[in-house]
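Please treat every number below as a calculation from the coordinates, not as lab data. None of the values given here were measured: they were computed from a predicted structure. Virtual Cβ from ideal backbone geometry, glycine too; neighbours counted across all protein chains shown.
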Amino acid sequence: MATLLLGFGCISLPSSQNLPVTTEVMRSDVLSGAQTALRGDIVHVDYIGMFENGTVFDTSIASEAQKAGLPQKRYEQLVFRIGDGQIIKGFEDAVVGMREGEVKTVKIEPKDAYGEWDPRLVATLPIDNFENAEDIKVGGFVYSASGAPGIVTAIQDGKVTVDFNHELAGKTLVYTIKLVRVDKR
């Protein structure tokens with residue numbers, strides 16, 4: 001899952017909030033002369049994305065993914081231009097003002113992440129509307145005519161209920177972010 005994400009809705013949390021301990025990989029090492037990230041800059045960050053209970057759902061760090069039991073994939077730094085809207089607002093806002101080597105943990109409310117869960121994005125349709133209806137299973141993915149992914153939440157009485165909300169909609173997310181490098185505009 002590519003989880004792409006400062007100011008509004010973004011809160012730095014003190015370590016006393018029972019958040020996961022920052023790992024050695026994410027140690028803060030701000031050096032003198034470090035660049036500060038500003039809007040328009042291209043930044044390279046490492047991150048660990050967690051739910052409020054500390055469960056890791058995404059990271060850019062292979063060793064952290066392995067510890068969390070995440071599927072094997074290519075783990076690499078997230079690179080984006082601040083202000084282009086390539087990632088969720090809360091994550092982008094958190095990076096603004098960070099210095100190279102700095103690490104911070106932020107809590108991002110749904111409105112600045114993947115939005116609130118919207119009941120209007122749940123549809124119940126006749127199973128006959130689906131190609132390969134015999135392959136549809138609860139928990140499986142289907143796609144709308146426009147290509148939007150949805151997860152099957154129920155199959156009952158010849159009808160399929162599909163939730164087209166983003167899988168992280170309605171969830172408060174916690175990210176530990178390390179600003180690795182800033183390329184000035």
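Structure summary
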| item | result |
| --- | --- |
| Stokes-Einstein D (µm²/s) once Rh is taken as the Kirkwood radius of the stretch 16-156 over alpha-carbon pairs, at 4 °C in 1.567 mPa s | 71 µm²/s |
| D135-E76 pseudo-label distance in nm [points 7 Å out on the Cα-to-Cβ vector] | 3.0 nm |
| Spatially proximal lysines relative to K178 (Cα-Cα < 22 Å; intrachain offsets below 8 disregarded) | K67, K73, K89, K104, K107 |
| Inverse of mean 1/r across different Cα pairs in the stretch 119-163, Kirkwood, Å | 10.4 Å |
| Computed E for D84/I127 - FRET, C-beta separation, R0 35 angstrom, nearest 0.05 | 0.30 |
| For K159, distant residues with modelled amide H under 5 Å away | I127 |
| Among 126-132, 75-81, the order from most to least packed when residues are scored by Cβ within 10 Å on average | 75-81, 126-132 |
| Amide proton proximity set for D58, modelled H, under 5 Å, gap of 5+ | G49 |
